[in-house]
Amino acid sequence: MREAKTERTTKETDVSVQLCLDGGDVSISTGIGFFDHMLNAFAVHGGFGLTIRVKGDLEVDGHHTVEDTGIVLGQALEKALGDKSGIARFGSFFVPMDESLAFGAVDVSGRPFLRFQADFSQERCGEYDACLTEEFFRAFAMNAGITLHLRLEYGANAHHEIEAMFKAAAHALRLAVSEKKGLLSTKGVL
């Protein structure tokens with residue numbers, strides 16, 4: 001099984017992530033309802049087993065909780081992939097969600113990069129600040145060592161827009177980590 005458990009404790013957050021790329025139970029608790037919903041969608045649509053437990057300084061705001069979750073989830077992905085041999089490496093996917101459409105593309109290359117393009121229709125979804133979506137994906141991509149491109153094509157409801165982006169990222173990643181023979185690199189290494 002391709003799985004990993006990672007943890008991170010700071011003065012601002014205490015984060016624990018258990019990830020299995022080949023499926024399993026999903027249980028998310030970050031203290032931010034909408035973020036839990038997005039992470040649950042990410043796990044289900046990626047076909048991942050995922051347990052996340054976060055205690056963060058939500059009395060300040062959700063920033064540290066969301067960013068640190070991205071850091072630790074990214075570290076878990078990097079660890080679960082090992083030397084990255086035997087994966088398809090690339091994946092891309094469009095997700096329509098009602099009036100919204102999002103696109104995600106990933107290269108599991110060992111070269112961290114994020115290209116994020118979105119103008120959300122509302123600033124908040126419940127207790128979640130829409131701008132934290134980019135913070136999460138930046139932390140995730142940098143710590144996973146992946147190149148990730150996410151683009152919101154259009155939409156009118158921030159809930160749908162953000163959820164489409166999480167699902168697009170999940171489906172693209174599911175394709176990229178699917179099993180394939182050998183190492184997909186002309187260099188012979190990633």
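The values are calculated or read from the model by the stated rules, or taken from the named source; none is laboratory data. Bear in mind the structure is a predicted one, so any value in this text is a computation, not a measurement. Quick reminder, even Gly has a Cβ in these numbers, built from the backbone with ideal geometry, and neighbours come from all protein chains shown.
Just a few scattered comments:
Table: residues versus (1) over 22 Å from residue 44 (Cα atoms); (2) touching a helix residue (DSSP H, G or I) at 6+ places or on another chain (Cβ under 6 Å); (3) surrounded by fewer than 19 Cβ atoms within 10 Å (Cβ to Cβ); (4) aliphatic (A, V, I, L, M).
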{"site": "111", "(1), (2), (3), (4)": "yes, no, yes, no"}
{"site": "121", "(1), (2), (3), (4)": "yes, yes, yes, no"}
{"site": "162", "(1), (2), (3), (4)": "no, yes, no, yes"}
{"site": "169", "(1), (2), (3), (4)": "no, no, no, yes"}
{"site": "177", "(1), (2), (3), (4)": "no, no, no, yes"}
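- Each residue in the range 1-13 was checked for being within 16 Å of residue 64 (Cα to Cα) and either at pLDDT below 95 or surrounded by fewer than 16 Cβ atoms within 10 Å (Cβ to Cβ) (or both), and 5 pass.
- Within the range 1-21, restricting attention to residues that are closer than 21 Å to residue 179 by Cβ and in a loop (DSSP other than H, G, I, E, B), the residue that is nearest to the chain's Cα centre (by Cα) is 21.
- Qualifying residue in the range 27-35 (condition: under 23 Å from residue 159 (Cα atoms), assigned to a helix (DSSP H, G or I) and touching a His at 6+ places or on another chain (Cβ under 9 Å)): yes
- Inter-residue pairs, beta-carbon under 9 Å, first at positive phi and crowded, with 17+ Cβ neighbours inside 10 Å and in the range 23-36, second in a strand (DSSP E or B) and at pLDDT 95 or above, 6+ apart: 24/3; 24/18; 24/49; 24/50; 24/51
- Selection of first residues in the range 79-100 that are β-branched (Val, Ile, Thr) and of second residues that are part of a strand (DSSP E or B), restricted to Cβ pairs under 6 Å at least 6 apart or on distinct chains, gives the following pairs, ordered by first then second residue: 95/102.
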